[in-house]
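The values are calculated or read from the model by the stated rules, or taken from the named source; none is laboratory data. Owing to the predicted nature of the structure, the values given are computational and were not obtained by experimental measurement. Quick reminder, even Gly has a Cβ in these numbers, built from the backbone with ideal geometry, and neighbours come from all protein chains shown. Side chains included, ligands, DNA and RNA excluded: accessible areas come from the protein's heavy atoms. Shrake-Rupley method; radii C 1.70, N 1.55, O 1.52, S 1.80 Å.
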Amino acid sequence: MTATRAARHRMPGRLVAGGASAVLVAAAAMVIALYASGSEPTGEVGGLGGPSALTEWLLPLSRLLATMATVGCAGALLAAVVLLRTDGGPLGLQGRRAIRDASNSAIIWAVAALAGAILTAAILLNTPVDLLRLRLDDALGVPEVKALLITTILVVALAVGIRRVETSSAAGLGVLVAIAALVPPALTSYPRNESYVVLAGAALVIHVIAATSWVGGLAGLVRYGRASRNGLPLVLERFSQVALASSIAVLLSGLISAAGRLAAKGGGFGSVLDVLTSDAYGGLLLAKTVAFVALIIGGWFHRRHTIANLDTTGHRFWQLVGTELFIMAVAIGLSVALAQTT
């Protein structure tokens, strides 16, 4: 077996190990944040005859898994369409690998979204999971459940549709489907009785899409760009463009979404600072902001010190990328905890 073929066989193992490590880091950050904010599931929400504490814990865990799978799918699609772009022509070896990875990630995303729909219905309807079949009509009437089911259908179609895609232009259609699948859950993330839900919800849609592109793009850079030393500078240049646009969108939309949510909790924009400094949601939001600032600094350090001298700072460059991915995993865990905090 040649070195090239051996490397192809090792990469899936590295991919699984890397993905599992990211999930563990994000899960640890999520659990710590939930306990620190007093938002951990206790089994008391449903009371006697309602869903168990296990069901309540499985909901944020399913959200976390869905988010990580979304990032993996987005990163692979971005790699095929942008980072490894071939102007609509046939995909190369890394491009075809990216498409297969995107399809596999989409399968995990769909399963996690479906599980999230079931768990959400059980909690909101105060019904054990094994008895949901008796309240199917009620479950299908819950907006959050419908949104997750729509996402599941779209992602299943994505997983099947891109499986044998051979050109970057066809893969681009997969990007559009993936973006569409991100929208329904984002639109139902905030309680519908909040007076600022339109502002916060619209900003959150942009925030989720931009953050997924940013984090997924960096993951795609590691997975596919690293395999080609000669093509790495071009891949880095393309990723820098994606990262710049995504980080700006994440910052602006995050500020607007957070302001809308804090205003809704405090009863007006004048109470935003009070809620930010006194509420558990505000504390988690500040922690996530710190992570975001660290990523901005890391990106600046990339451009200033390592990318320009990639030949001499290659090992240091990948160490910095690994640190960024670690911080991103922590930020994802905090984001899931934020969604759980009321």
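Applying 1/(1 + (r/R0)^6) with r as the Cβ-Cβ distance of S240 and L273 and R0 = 22 angstrom yields a FRET efficiency of 0.05. Restricting the calculation to Cα atoms, the range 75-135 shows an Rg/Rh of 1.33 when the hydrodynamic-style radius is the Kirkwood one. Under 5 Å between amide hydrogens, built in the peptide plane, is the criterion, and for T167 it picks out L91 among residues at least 5 positions away or on other chains. In terms of packing, defined here as the mean over residues of other Cβ atoms within 10 angstrom, the peptides 60-72, 107-119 line up highest first as 60-72, 107-119.
Per residue, the accessible area of the range 22-170 comes to 46 Å², computed with a 1.4 Å probe over protein heavy atoms only.
Between L173 and I32, the contour length at 0.36 nm per residue exceeds the Cα-Cα span by 46.9 nm. Considering only the Cα atoms of the range 129-170, their convex hull presents on average a projected area of 4.2 nm². Can you work out the PRE-style zone for K146? Point 7 Å along Cα to Cβ, and I want the residues of the range 317-342 with backbone N under 11 Å. Taking a point 7 Å out along Cα→Cβ of K146, no residue of the range 317-342 has its backbone N under 11 Å. Annotation for the range 164-178 versus the range 70-134: alpha-carbon center distance of 14 Å. The charge dipole of the range 57-198, taken about the Cα centre with unit charges on the Cβ atoms of Lys, Arg (+1) and Asp, Glu (-1), comes to about 340 debye, rounded to the nearest 20. Loop-located trypsin sites (Lys or Arg not before Pro) in the range 215-287 (DSSP state not H, G, I, E or B) with no more than 16 neighbouring Cβ atoms inside 10 Å: R229.
Rolling a 1.4 angstrom probe over the range 15-158 with all protein chains present gives an accessible area of which 70% lies on carbon and sulfur atoms.
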